[in-house]
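Some notes on the structure that comes next.
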Amino acid sequence: QVQLVESGGGLVQAGGSLRLSCAASGPTYAMGWFRQAPGKEREFVAAITLSGGSTYYADSVKGRFTISRDNAENTVYLQMNSLRPEDTAVYYCAARQYASNEKLSELPHYDYWGQGTQVTVSS
């Protein structure tokens with residue numbers, strides 16, 4: 001069982017930046033970030049393959065967010081720039097425990113989830 005712990009959330013003004021981190025207790029394969037705003041379903045934000053050679057983004061964050069990983073530290077990051085009020089949500093880290101890069105934007109295809117970290121963007 002792999003434990004995921006997110007950190008780095010907080011309150012920021014529109015246009016600002018935050019960097020989220022997710023530390024895994026052991027090695028994983030593909031990893032992703034999802035978010036859930038109040039009253040809405042959890043949605044895909046970004047994903048990265050094991051090698052880090054391929055990354056995927058939701059259209060709403062493309063060009064503003066960057067996902068990366070450090071496999072030596074079992075950590076994945078989400079650099080968020082040009083933040084908007086609509087980015088306000090609880091951000092969750094997710095990890096896959098099998099070697100596949102299919103359907104990385106779909107929640108059921110992840111095995112482990114973190115507890116979430118709140119990101120609030122004020123206007």
Of all residues making up region 1-58, the number that are in contact with a Ser or Thr (Cβ under 9 Å, 6 or more places away or on another chain) and free of Cβ contacts under 8 Å to residues at least 60 places away in the same chain: 16
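Condition check: closer than 18 Å to Val5 by Cβ and over 10 Å from the mean Cα position of the chain (by Cα). Does Tyr110 satisfy that?
It is true that Tyr110 is closer than 18 Å to Val5 by Cβ and over 10 Å from the mean Cα position of the chain (by Cα).
Got a number for residues in region 93-102 being out of contact with any Ser or Thr (no Cβ under 8 Å at 6 or more places or on another chain) and either at pLDDT 95 or above or of a type in the set (A, V, I, L, M, F, W, C) (or both)?
Residues that pass the stated criteria total 3.
The values are calculated or read from the model by the stated rules, or taken from the named source; none is laboratory data. Owing to the predicted nature of the structure, the values given are computational and were not obtained by experimental measurement. So basically every Cβ, Gly included, is an ideal-geometry build from the backbone, and we count neighbours across all protein chains shown.
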